[in-house]
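S.K.: Encoded as structure tokens, here's the structure I'll be asking about.
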Amino acid sequence: MSLFTVNKPLDRRSRTLVALCSFGLPVLLWCMVSYVPFIWHPDMKVTDPGSVSYFRNDMLVDKEIFYNESATAEENGTALPQGIPANPVYLPAPHEVVTAFYTAFTTEPQRRSEAWLHESLWSSIQVIFWGFVISSIIGIPLGILAGTYDFFSRLFEPFIEFFRYLPAPAFGALAVAILGIYQAPKIAIIFIGTFFQQVLVVANTTRKLDPALLEAGQTLGAGNRSMLFRIVVPGILPDLYRDIRILLGWAWTYLIVAELIGTSSGITWFITQQARYKNFDNVFAAIMMIGILGLTIDLLLAWIGRRLFPWQQSK
Amino acid sequence: MTDVNLPDYKKQSPEVKDRFERLKQRPVTMEVKGLTKKFNGLHGEVTALKNIDLKIHKREFVCVIGPSGCGKSTLIRILAGLEQASEGQVLLDGKAVSKPGPERGMVFQGYTLFPWLTVKRNIMFGLLESGMDKNSAEAEARQWIELIGLSRFENSYPHQLSGGMKQRVAIARALANKPKILLMDEPFGALDAQTRAKMQAYLMEIWKNIDITVFFITHDLDEAVYLADRILVLKANPGEVQELVEVPVPQPRHPDQFLSQEFLATKKHIEELIHPPAEETDDDHLNLVRMVPVNDDVGSVF
């Protein structure tokens, strides 16, 4: 079938359609489970407690318990409880989550000292930003040096290879002891999670630069400094930019752990807090917000990248 | 090649003879003395080049030809300073060469233009490295671009150019540094036949009009005979000089000469040097005859 020809791009229409399915199928599955009662719905939502003393309106009860109580009430001839099938509290329906995207922002914090959602999000973005920027400021130059000069490669890489196997969250307690309980240790965790990978990835990218370009530079009279700044750096820029986009995605995965360290804050605090109040629609919304934020930033960077490097051949 | 009545390639007309006399009077631009290169390969030490001696005179065009594995590329890389000789010396105007430098321009088969720089900036690269200020470098680069006929593409990036255009830019980029010698490593090897012929004519034109000595590696016999004053024929394992052939085809060259007696005689001689008839061995031809079923409808293709 034409949809499955090896290594051949789809036509424009099919491409858009398939890409929509990429999001559409999971959402469809979610809708089916949420709106079609006989697929799952293991609980009953009580609409009228009847004579069952511990039932309350809108309470979620396991189906088996509900029918037992119902049978008991029937035997005793007392009022029957009424209910409708429902999913467990941790699986809100799509429309509830969609509403939560708005209401989560307007829900007032439970206590006055606590943060609104937009404040939590902003705090998370700052942690990611600073952790990633500090890592890049140090990591990219080190990576380029290691990729260009064998000397620096031998000097840095063995230690970094070792260090990158140490899980970043393991340094949580240490980071708090050294940096206090607020944002600093969280930034440090993002840094540790990103930095060591970054040096190795950038070094590898630098090594992949076509050696013929370096030789051409030498025969044109480029000195050591020029080789680095006029050939190596511009030569790897597009690949370096792509690396950074990928690494930024990794940094996001360290966010949740980082924010649990010290005083819990940011989007993680919001999620745990809302889970505690059983506002799972808000939890889902917040998790999706992270995904949407990450994807948006990545698409934005990709768009900027196409304009930054006009010499890149479109592939 | 079937035996037709060709003159001896060593028979030179008086004009050609006189020209070679004068050529050898010219000062020596580059001298290679007892050059040997050994590599440490998987199966011990391999001698890639052995005892190469060569004098390249000012404004001479020397081609190097030889079977694959004869060390042509190693030789040119040592001349460029990209690799070090194990023994022997390379002298440029009497001074020993040890590392790459702008006074030996190099053109590679793979173009090696800097993809992030426009045509103009590529040509300016070496000029700026030599300490020229930006305005003069730009003016100079413009002249070169005009000379290679790419004014319309001054601000194009290399990926927007065809192979032939890229190689023109690469040649201009090397020449802009005013090198004493231009080293070319199979520069037209990746081009199609038509573009290649154009580039050859083009290179001859440049060589005639600019004060430049050319050292040109190729595996194409026609190209070598057409372009060169003298052809250095190497043999493989180890790479040694087999002969330094003086091409008897009169200068200036023209494509009509491809079928001249001198041209064919020289070509035949070098062909025999590279592929000696005696060396044809039995184990190197296809053995498919009995494996492939033959359609009986057509008994023989002849």
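S.K.: May I ask you to rank B:GLU31, B:GLU45, A:GLU161 by accessible area, largest first, using a 1.4 Å probe over the protein chains only? Could you put the intermediate results ahead of the total?
M.R.: Details: B:GLU31 45, B:GLU45 120, A:GLU161 70 Å².
The most accessible residue leads, giving B:GLU45, A:GLU161, B:GLU31.
S.K.: Further question: Hey, what do the phi angles of the stretch B:27-42 turn into as Karplus ³J(HN,Hα) couplings, whole Hz, using 6.51/-1.76/1.60 and θ = phi - 60°, x for Gly and Pro?
M.R.: Listing the rounded values in order: x, 7, 7, 10, 10, 10, 10, x, 6, 10, 10, 10, 10, 8, x, 5 Hz.
S.K.: What FRET efficiency would be calculated for the residue pair B:LYS33, A:TYR241, taking the C-beta separation as r and a Förster radius of 60 Å, to the nearest 0.05?
M.R.: Rounded to the nearest 0.05, the efficiency is 0.80.
S.K.: Please report, in debye to the nearest 20, how large the charge dipole of the stretch B:144-285 is about its Cα centre when each Lys and Arg carries +1 at its beta carbon and each Asp and Glu carries -1 there. List each step's numbers first, then the result.
M.R.: Values: 14 positive and 23 negative charges, 225 e Å.
I would put it at about 1080 debye.
S.K.: If amide H atoms are built 1.01 Å from N in the plane of the peptide, which residues on other chains or at least 5 residues away come under 5 Å of the amide H of B:GLY101?
M.R.: none
S.K.: Can I ask one more? For the residue pair B:ARG22 and A:PHE163, what label-to-label distance in nm results when each label sits 7 Å from Cα along the Cα-to-beta-carbon direction?
M.R.: Reported label-point gap for B:ARG22 and A:PHE163 is 6.9 nm.
S.K.: Ok, one more. If I model a spin label as a point 7 Å beyond the Cα along the Cα-Cβ vector, how far apart are those points for A:LEU17 and A:GLN82 in nm?
M.R.: Label-label distance for A:LEU17 and A:GLN82, simple model: 4.7 nm.
S.K.: Going through the cross-link list B:LYS24/B:LYS99; B:LYS55/B:LYS235; B:LYS37/B:LYS235, which pairs have a Cα-Cα distance over 22 Å in this structure?
M.R.: The pairs that break the limit, which is 22 Å between Cα atoms, are B:LYS24/B:LYS99.
S.K.: At a 10 angstrom cut-off on C-beta neighbours, averaged per residue, how do the peptides B:196-205, B:113-122, B:6-15 rank from highest to lowest?
M.R.: Values: B:196-205: 17.6, B:113-122: 21.8, B:6-15: 12.9.
Highest to lowest by the protection proxy: B:113-122, B:196-205, B:6-15.
S.K.: Shifting gears a bit: Using a 10 Å cut-off on Cβ to Cβ distances, tally the other chain neighbours for every residue of B:104-114 and report the average as a whole number.
M.R.: Numbers: counts 2, 3, 5, 2, 5, 1, 4, 2, 10, 2, 9.
For peptide B:104-114, the averaged partner shielding equals 4.
S.K.: Under a Cβ-only charge scheme (Lys and Arg +1, Asp and Glu -1), can you give me the dipole magnitude of the stretch A:106-308 about the Cα centre, in debye to the nearest 20? Each step should come with its number before you reach the end.
M.R.: Working: 15 positive and 13 negative charges, 26 e Å.
Charge dipole of the stretch A:106-308: 120 debye, to the nearest 20.
S.K.: Could I ask something else about it? On a straight-distance basis, which lysines could pair with A:LYS63 in a cross-link, Cα separation under 23 angstrom, same-chain partners fewer than 8 positions away excluded?
M.R.: Output for A:LYS63: A:LYS45, A:LYS278.
S.K.: Taking 7 Å along the Cα-to-C-beta vector as the label spot, tell me the A:ALA302-A:ALA184 distance in nanometres, rounded to one decimal.
M.R.: So the label points at A:ALA302 and A:ALA184 sit 3.9 nm apart.
S.K.: Using alpha carbons only, how many degrees (0 to 90, rounded to 10) separate the axis of helix A:266-276 from the longest principal axis of chain A?
M.R.: Helix A:266-276 sits roughly 20 degrees off the main axis of chain A.
S.K.: What aspartates and glutamates sit close enough to B:LYS17 to cross-link, taking a C-alpha to C-alpha distance under 12 Å and skipping anything fewer than 8 places away on the same chain?
M.R.: Straight-line reach from B:LYS17, under 12 Å: B:ASP229, B:GLU246.
S.K.: Please report the accessible area of B:LYS180 (heavy atoms, 1.4 Å probe, ligands and nucleic acids excluded) in Å², nearest 10.
M.R.: Number for this one is 90 Å².
S.K.: Among B:MET204, A:ALA168, B:GLN84, flag the residue with its Cα farthest along the positive direction of the charge dipole of the protein assembly as shown, charges on Cβ as +1 for Lys/Arg and -1 for Asp/Glu.
M.R.: Looking along the dipole axis, the top candidate is B:MET204.
S.K.: Something else now. Cβ under 15 Å from B:GLY94's Cβ, B:GLY94 left aside: what net charge do those residues give with Lys, Arg +1 and Asp, Glu -1? Show your work: numbers first, answer last.
M.R.: Details: positive: B:ARG26, B:LYS33, B:LYS55, B:LYS58, B:LYS95, B:ARG104, B:LYS180; negative: B:GLU31, B:ASP93, B:GLU103.
Residues close to B:GLY94 contribute a combined charge of +4.
S.K.: Same structure again: Once the other residues with Cβ under 12 Å from the Cβ of B:VAL32 are scored (Lys, Arg +1; Asp, Glu -1), what is the net sum?
M.R.: 0
S.K.: Over 10 Å intervals from 0, what percent of Cα-Cα pairs in the stretch B:75-179 sits in each interval?
M.R.: 15, 43, 28, 12, 1
The values are calculated or read from the model by the stated rules, or taken from the named source; none is laboratory data. It should be emphasised that the depicted structure is a prediction, and the values quoted were computed from it without experimental measurement. Methodologically, a virtual Cβ is constructed for each residue, glycine included, from the backbone with ideal geometry; neighbour enumeration extends over all protein chains shown. Keep in mind that these areas ignore ligands, DNA and RNA; they rest on the heavy atoms of the full protein, side chains included. Shrake-Rupley method; radii C 1.70, N 1.55, O 1.52, S 1.80 Å.
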